[in-house]
Amino acid sequence: MIHYLGTPVLETERIILRKLELSDAQCVFDHWLSDDRVMDNLIKGAHKSVSETIERVKEIVKNYESQEFCYWGMELKTSGELIGAIDLFHFDGLTDNCEVGYSIGYKWWNKGYGTEALKAVIDFGFRRMNVHKISAAHNVDNPASGKIMFKNGMELEGTIKHMIRNAKHQYKDCALYGLLQEEYRKKGK
Ligand SMILES: CC(C)(COP(=O)(O)OP(=O)(O)OC[C@H]1O[C@@H](n2cnc3c(N)ncnc32)[C@H](O)[C@@H]1OP(=O)(O)O)[C@@H](O)C(=O)NCCC(=O)NCCS
């Protein structure tokens, strides 16, 4: 059974994972949600105005009232900058499985932050929440996402043709990755 713990603060070597606040909305918009380079890799497209982001952040803040909501902002310890977000979602009470998603502002790509944040969230999901399996899918033309899953022990399970259609109405083939709690514990990650 999953032990829902809400969104507690998690810490990695360089990042604090914490709840978003309403006052973060402008940074969320400026750093990733308004940027096509980030958002083209997701189903929903980039926000055109900060008011859309304010509504989204309000929704996230409201959702923190539920213990079943796990959505972290990634804050750099050194500068205090909010560089991205990561969440566990689609909790399935029948299987105790869930999915993971993440976005990082373009300026902070390829510095290892995605790998570091995903590691902390996978560990939290398995060891503290007792999730059975964590899965994620990425567009095949977005290999960096698959790379951070692979580096965290997630395994490629297959590719689904035209699994999604993005905001620009482009169909995308997606690679599915997954990791079982028992595999995670065996690997001693
Ligand atoms: C996916 C994402 C979170 C990765 O974050 P990140 O902080 O850049 O990730 P890391 O720096 O930890 O690792 C990225 C890895 O991908 C590799 N990579 C980057 N571009 C690549 C490419 N075109 N082909 C192959 N590998 C690539 C990097 O070299 C790095 O691997 P390495 O550490 O072995 O060198 C970030 O790119 C992002 O926010 N993308 C847009 C949103 C998104 O795709 N979300 C996920 C949807 S499934």
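Listing for the model above:
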quantity	calculated
Strands (runs of 3 or more DSSP E) within segment 106-189 that include 1 or more residues in contact (Cβ under 8 Å) with a residue 60 or more places away in the chain	133-139, 155-165
Sole exception among (1) open to solvent by less than 30 Å² (accessible area, probe 1.4 Å); (2) in contact with a helix residue (DSSP H, G or I) (Cβ under 6 Å, 6 or more places away or on another chain); (3) within 11 Å of the ligand (Cβ to nearest atom); (4) not hydroxyl-bearing (Ser, Thr, Tyr) for Lys151, by number	(1)
Segment 34-53, residues that are more than 21 Å from Lys107 (Cβ to Cβ) and buried (at least 17 other Cβ atoms within 10 Å of the Cβ)	none
Segment 62-81, subset under 16 Å from Asp24 (Cα atoms) and without any contact (Cβ under 8 Å) to a residue 40 or more places away in the chain, residue least open to solvent (accessible area, probe 1.4 Å)	Gly80
Selection status of Leu88, among the hydrophobic types (A, V, I, L, M, F, W, C), open to solvent by less than 20 Å² (accessible area, probe 1.4 Å) and modelled with pLDDT of 95 or more	yes
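The values are calculated or read from the model by the stated rules, or taken from the named source; none is laboratory data. Since the structure is predicted, the reported quantities are computational estimates derived from the model, not experimental observations. Reconstructed Cβ throughout: ideal geometry from the backbone, glycine too, with neighbour counts over all protein chains shown. Calculation scope for accessible area: heavy atoms of the full protein, side chains included, ligands and nucleic acids excluded. Shrake-Rupley method; radii C 1.70, N 1.55, O 1.52, S 1.80 Å.
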